[in-house]
Amino acid sequence: MSDSPHLYCVGCNALFSEKSDQCPRCGMPSVDSTHHTMDTILIPRDDNVSASTEVELDDILLGGQTIDIYECQQLLGRGGMGVVYLARNRKLHRQCALKVLSPRRVSKSIDYIQRFENEGRAAAALVHTNVVTTHAIGRADSHHFLEMEYVSGRSLQHEIDEAGPIGPLRSTQMAVGIADGLSVAHRLGIVHRDLKPDNVLVTPAGYPKIADFGLAKQIHSSQLGGTKLAGTPHFMAPELFDGEEATPASDVFALGVCYYLMLTGRFPFEGESVSALMASILTGEYLSVRRRTPGIPLDVAECVSLMLAPNPENRPRDGAAISQLLQAVLGSSRDLDTLAYEAFNDIPSVTFESVNRAVQIQLRLPNGRRQTVYLQNSDHRAGDRLLNIYSVCCEARPDFYENALRLNAVVLHGGLSIKDIDSQPCFVMVDTFPRATVSAEEIRRSVMEVGSRADEIERLLTGCDVN
């Protein structure tokens, strides 16, 4: 067995060798004299620890042993609050994830068991696709445990560690799933308190599932007069450092840090010690995701900015609110070319191409005429953005106004309006849809209707086939 132990980082909870001077993930020094954590632990490289080994986890490394009705099969992971095993429930004949507390660790914290049981009760109340299901909480001999759904994937943090930035679309998809899980918890009055990529499991199909509700690593700060904080510093909202209670808005802040980390591979707030990190978070100053990673869409950057607002009143209030905003961002992340392809790739009478941040669609109509229709995003913020579908009818001459108004009254899809095209006022047929939720089918129907109506108005007003 190696005699080189490992250490959990006080800043981000990453596991690294004690021989390292600083955490390889966040750069925090391995020793910080102004803060310590009750849950930072030393473990050896080799999991096969003998009973005489003087480490805090020596009495719960139970591979191949049995706790109550659970047969521990394989060590899945370990963290500040316990050790997790792949286990078999012998009564129900199913695999599960069994989280076990150490009796030695319990003896060092009076409220440790209470915090652990709080997690079990909180998580057991949540049934959602994006939340790890808790099946049971119990005690056998000196061991306290939670039986949880076994998720065969890996953590979101593992994905970030391997891939670095995972791209705006993938990051937003993950953030939407996490926000949806939080929304259910917040609706039930449950706050996570320690949301971070280590506590988000990703299924083999790529869906996120939140784990560890109600558990948070305790940090004791000599700089704050011995104040006891709970959480992982890199993900803690500024108000938590002032001693305020965790709220849905502080969970939103933590999700904002996760989102930033997924987009850039870096933390928004950094420091050479926990004190310096706290100061950075309290000032609220960080480098924009667009400066960290060029090419991030503006609406994504705006969303991150809202989530990381220093004042909780300026953030989306809870999981449901941020889910709605992220859904809008996700809808905008699907580029117009993709939407046009989904709508028209199997229609031989339609061709399309990208032109100046829009998609230009050419229709061959049944009467032999042709008409051009455009898809273009509006300039609104992410949550309010629209997809504009329009087609030019003809020049907006005053002698056309009366007939144009009469024709507009019988239009089913969209409406007739005036738009400057190359500095020339023109009659155009326009239809709009919410950008976040518009479907390919809606686009196809609208484009066909808008194009045919615009062509009909052009024919009736001018007798020509120009547009």
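Derivation of every value follows stated rules applied to the coordinates shown; laboratory data play no part. Note that the coordinates shown come from a computational prediction; the quantities given were computed from them, not determined experimentally. Positions of Cβ are backbone-derived with ideal geometry, glycine not excepted, and every protein chain shown enters the neighbour counts.
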With label points set 7 Å from each Cα along the Cα-to-Cβ direction at residue 341 and residue 163, the distance between them in nm comes to 1.8 nm
For residue 357 and residue 73, extending 7 Å from Cα along the Cα-Cβ vector and measuring point to point gives, in nm, a value of 5.4 nm
When 380, 158, 93 are arranged by how many other beta-carbons sit within 10 Å of their Cβ, fewest first, they go 93, 380, 158
Computed from the beta carbon distance with a Förster radius of 25 Å, FRET efficiency for residue 397 and residue 445 to the nearest 0.05 stands at 0.25
FRET efficiency for residue 121 and residue 94 from the Cβ-Cβ distance with R0 = 30 Å, rounded to 0.05, comes out at 0.85
Contact order relative to length for the range 227-366, counting C-alpha pairs under 8 Å separated by 6 or more residues, stands in percent at 20 percent
Note on the range 238-283: alpha-carbon gyration tensor, axes a ≥ b ≥ c; rule is a/c under 1.5 for rounded, else prolate if a/b larger than b/c, else oblate; result oblate
The size of the Cβ-based charge dipole (Lys, Arg +1; Asp, Glu -1) of the range 170-333 about the Cα centre, to the nearest 20 debye, is 400 debye
Percent relative contact order for the range 336-462, counting Cα pairs under 8 Å at least six residues apart, stands at 26 percent
For 175-184, 316-325, ranked highest to lowest by mean beta-carbon neighbours within 10 Å, the order is 175-184, 316-325
